[in-house]
Amino acid sequence: MSIFETRTRRRTVNRTAEGSTRSAKKKRRIDAHKRKLLIAMLIAGIGFLLIIGKLFIVSIVNGKDWTNKAMSQWTRVTSLKAERGRILDRNGTTLASSYTTYQVCVNPPNIQESDRDRIASILSMYLGMDYDTVYAKLTKTREKNKETHERVLLSQVKLKDQVDKEVISKLNSMQLGSGVSYYSDVKRDYPESGYYAQLIGFTNIDGDGQTGVELTYNKYLAGEDGYQKADTDRDNNPVPGGEEEYIESIPGADVILTVDTGYQGILENALNEACAINNAKSASGILMDPQTGEIYAVGAYPTFDSSNPPRSDAKTLLELSKNRIVTDTYEPGSTFKVITLASALESGVIDTSARFNCRGSMLVRGEKIKCWKSGGHGEETLAEAVANSCNPAFMSMALKMGVDTFYDYIFQFGFDEPTGSGIMGETSGKVTHKKYIRDADLARIGFGQSISCTGMQLATAFSACINGGELLKPYIVSQIVDQSGNVLVKNERTVVRRVISPTTSATIRSLLRGVVEKGSGKNAQVPGYSVGGKTGTSQKYDDNGQVSSSKLVASFIGFAPVENPQFVCLIIVDEPQVPQVYGSTVAAPFVQQVLSAALSYAGVTPDIESQIATVPNVKGITVDQAQKALKDAGLEAIYLETEKDSTVTNQSPAANTQVVRGSTVMLYSTGYTFFSELNEEVEMVKVPSVIGKDRIDAQDALKKVGLIMDYDRQSCAGEAVYQDIMEDYEVPVGTVIHVTFEVKKK
């Protein structure tokens, strides 16, 4: 091969190599572009997916929220509060109603800076608000831009609710312009606010029921709110020609109760007196028709004003709001003996010829259970045992029936379950399961211990005993009617079941009449009318679960007239602090007061002739003198022998009250001691001398033996110079000793 050919081949090879190199470089450049394009497309794809995801979240997931926010900027929605239904008594008397008030709002952007002071002054004066508070609302702002922290005035701020129409009229005359707006509102009014506090209850500032009937029947009373919607601009001002929507509110229905304001006033006045004169923790009561189950009146004392409840003290308000006749359970004591009597007669274990022998106690399986009368009642007929409220007689009845039979009747009478009265907060009491009941427990249940119930349960069961034997469902609501007159709810006489026969019921009425005419219920006699009933005194327990020696519950349940009962009345007095705690003296006089007034108010024709006596005024004289004055008037006095020389500070019944001749009058004097009709031994102690001791030493000396010292808090310095019960005198544990202190002059 020539040199020329060799060089030519080399050049060709070189050119081929250079071409290959250039091709490789070009390919690499193309691959690099492809990668960049792929990456760019990938990034674009991810971004697109993120945008799609965001759009999905905004439009689908949070679409409703964003729409609402947009609508809130484009429209102004004004709520139109529904007028709350009325609450009426059986006669159509308004117990709760609503009337139009106004909500006052300010629109800060529409108020010139130079006019703020004037408007704030006027609003604070007429609305009774603090000037600085009003001015702060006129200048209230919000953050418009989070980055720049730019702030703008709020478009509207609420100033005050429930402003009366008269105030709005005055504000309108002040030429406040568009800077102030008014919206109609509704306020609750209670024309009979002196009564019905626990039953009716009250509403909150928004008009929703919080307690009582207002809460229980809120769904009927509330109605349905309407609204007004209008298009607005960015400053929340109406857009001329914009769309408007108006949905009218639907007023609430009227709730018509079975109560009568006349009866309610009678009952609440009696509860007030019972609580005050007995220095009691509380008193509760109910008046009802035993033939239908209608509740005529129900309440408790202490109470409150429905129009102005003490909202600042939630604990106190909660306590005062309790309708204790349905919320509080207690051991009924001797009033439960009526249930034992009815059960024993109906079951056939006794009849009207039954006789008993009370020796003051009864031995039950080795356990001695005492009668309230320590000496016993001796030989008794059934009528005498009932009139005497003899514990052993009722223990015998319970034991003869046995736990199975007696428990069947207890449940048949409705104990251990709510009555369904429709009153808020009703509880069911407690009946211990019969598998845990010993004979001694059964005996105690026979006279009203070892079982608890509500006043409503007792009144309902008692009604069954005297109305012919039918257990009725008690009810507080007669009917609920809407504003068009349609009856939404209607209650009427409802028989739950028959418990005893009409014959047994007639026997019980006769026996309970004897309790009032000849036994412990004399203070319940009503001139001109036959009355039957039963007293009760029951024990309470302290914080340690032990029976309290000084905390008792006194009660009385009565009915009239006997042969055709129109009314049943139960009054329960909790922890009375009086000389002698008997249902006959603490509660019976107030049941008499209620029945007497109710019979007269209802126009019930008298059915008997009675010898009437007028109670004289014996306050301010000694107990001994008062006893003689009452005897001259044909009345008996109840007092403590140790207090014959004490001054009478109060009396029950009150002076000038018309009562049946032979009735008793309770005398309250400057000294008082605790006694009760419970079947417990009273521990006696000797009174020590505290003369010459200072207040602390005197109190310690009395406390050491279980006595309580009372003294003038305004004059308690120096030494004791007088004690109303002298040294070595025997008194029951818990007796109050009044001590006088004096600073001796040098």
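The values are calculated or read from the model by the stated rules, or taken from the named source; none is laboratory data. Since we're looking at a predicted model, the values are computed, not measured. Neighbour counts are summed over all protein chains in view; Cβ atoms, including those assigned to glycine, are modelled from backbone coordinates with ideal geometry.
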* Asked: From the list SER510, SER520, SER550, SER484, which residue is among the small types (Gly, Ala, Ser) and part of a helix (DSSP H, G or I)?
  -> SER510
* Which numbered condition ILE508 misses (of (1) of a type in the set (A, V, I, L, M); (2) crowded, with 19+ Cβ neighbours inside 10 Å; (3) in contact with a Phe, Trp or Tyr (Cβ under 9 Å, 6 or more places away or on another chain)) -> (3)
* Residue among ILE445, ILE476 that is within 19 Å of VAL495 (Cβ to Cβ), buried (at least 20 other Cβ atoms within 10 Å of the Cβ) and β-branched (Val, Ile, Thr) -> ILE476
* Output the residue which, of all residues in segment 302-346 that are surrounded by fewer than 24 Cβ atoms within 10 Å (Cβ to Cβ) and of a type in the set (Phe, Trp, Tyr), is nearest to ALA461 (Cα to Cα). => TYR330
* Answer yes or no: is there a residue in segment 233-245 that is in a strand (DSSP E or B), more than 29 Å from ASN91 (Cα to Cα), over 22 Å from the mean Cα position of the chain (by Cα) and modelled with pLDDT of 65 or more. => yes
* What is the number of the single condition among (1) at pLDDT 70 or above; (2) out of contact with any helix residue (DSSP H, G or I) (no Cβ under 9 Å at 6 or more places or on another chain) that ALA24 does not meet? -> (1)
* Asked: What helices (runs of 4 or more DSSP H) completely inside segment 569-663 contain at least 1 residues that are in contact with a Gly (Cβ under 6 Å, 6 or more places away or on another chain)?
  -> 583-586, 588-602
* Listed residues SER173, SER178, SER169; which is touching a residue at least 24 places away in the same chain (Cβ under 8 Å), surrounded by fewer than 12 Cβ atoms within 10 Å (Cβ to Cβ) and assigned by TED's automatic domain parsing to the domain that holds GLN103? -> SER178
* Would you confirm whether any residue within segment 396-418 is assigned by TED's automatic domain parsing to the domain that holds ARG359, buried (at least 22 other Cβ atoms within 10 Å of the Cβ) and touching a Lys or Arg at 6+ places or on another chain (Cβ under 8 Å)? => no
